[in-house]
Amino acid sequence: MKINKALCGLCFGCASVCPIDALVADDKEIIVTAICNNCGVCAKICPIGAIKIDET
Ligand code: SF4
Ligand code: SF4
């Protein structure tokens, strides 16, 4: 998955719903770690559609 950082409002909703805690947040951005399995859970809850799931 990819986060469009230009759109992201840093609500941290995605980090809180990820079932495997693949997202790490600091003050300025959300970082996707290597354990992300593209399950899509975070993309569904992003209020502004900043998360894209890619199949590759
Ligand atoms: S796609 Fe799934 S595993 Fe990856 S960050 Fe989002 S919720 Fe977590
Ligand atoms: S849920 Fe969307 S807006 Fe909120 S931190 Fe995640 S990517 Fe950014």
Completion exercise
Output for Cβ contacts, cut-off 7 Å, separation at least six or different chains, first residue part of a strand (DSSP E or B) in the stretch 1-22, second exposed (fewer than 12 other Cβ atoms within 10 Å of the Cβ) and aliphatic (A, V, I, L, M), reads none
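Please find, within the stretch 8-31, the residue that is surrounded by the most Cβ atoms within 10 Å (Cβ to Cβ) out of those that are of a type in the set (A, V, I, L, M, F, W, C) and more than 10 Å from ligand 2 (Cβ to nearest atom). Working first, answer last.
First, pick out the residues of the stretch 8-31 that are of a type in the set (A, V, I, L, M, F, W, C): 8, 10-12, 14-15, 17-18, 20, 22-25, 30-31.
Narrowing further to those that are more than 10 Å from ligand 2 (Cβ to nearest atom): 20, 22, 24, 31.
Details: ILE20: 11, ALA22: 20, VAL24: 12, ILE31: 12.
This residue is ALA22.
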Handout entry: All positions within the stretch 35-48 that are touching a residue at least 12 places away in the same chain (Cβ under 8 Å), more than 8 Å from ligand 2 (Cβ to nearest atom) and not polar (S, T, N, Q)
Key = ILE35, CYS36, CYS39, GLY40, VAL41, ALA43
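Since every read-out is calculated from the coordinates, none of them should be taken as a lab result. Source: prediction; values computed, not measured. Neighbour counts are summed over all protein chains in view; Cβ atoms, including those assigned to glycine, are modelled from backbone coordinates with ideal geometry.
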